[in-house]
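Below you'll find the structure, written out as structure tokens, and then a few comments.
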Amino acid sequence: MSENSDDLPESSFEGLLERLQDGDHRAASLIVDRYRPRLVQLANHQFETWLRDKADPEGVVQSALFSFFRRAKDGRLSPA
């Protein structure tokens with residue numbers, strides 16, 4: 001295995017999900033690092049102003065990621 005396994009094909013989302021389900025904690029960090037900024041940007045764009053005043057887009061993304069990782073841990077997600 002190369003020193004930087006993040007450059008391998010397993011770094012595709014499906015590969016990261018498999019690594020995560022195999023207990024690779026680095027995969028969880030990579031998923032957050034890779035997708036969190038875009039998800040926050042998407043939430044900011046999609047939330048109307050009145051909703052942004054009531055629900056923090058970053059908090060919504062944090063909650064979504066928490067649900068994602070809980071489901072992955074419980075085996076309720078599968079790679080495509």
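The values are calculated or read from the model by the stated rules, or taken from the named source; none is laboratory data. Please read all numbers here as calculations on a predicted model, not as lab measurements. We place every Cβ from the backbone using ideal geometry, glycine too, and count neighbours over all the protein chains shown. With ligands, DNA and RNA removed, areas are computed over all heavy atoms of the protein, side chains included. Shrake-Rupley method; radii C 1.70, N 1.55, O 1.52, S 1.80 Å.
Restricting region 51-80 to trypsin sites (Lys or Arg not before Pro) that sit in a DSSP loop and have at most 13 other Cβ atoms within 10 Å of their own Cβ leaves 54, 76. The region of the chain that goes longest without hitting one of the GluC sites (Glu not before Pro) in a DSSP loop, each with at most 13 other Cβ atoms within 10 Å, is 4-47.
At 1.4 Å probe radius, can you tell me the per residue accessible area of the chain in Å²?
Working: 5870 Å² over 80 residues.
Per-residue accessible area for the chain comes out at 73 Å².
Rounded to the nearest 500, what is the 222 nm mean residue ellipticity of the chain from helices alone, with -39500 (n - 2.57) per DSSP H run of 4+ residues and division by all residues? Numbers along the way, then the final one.
Details: 4 runs with 52 residues, N = 80.
Roughly -20500 deg cm²/dmol at 222 nm, from the helical runs in the chain.
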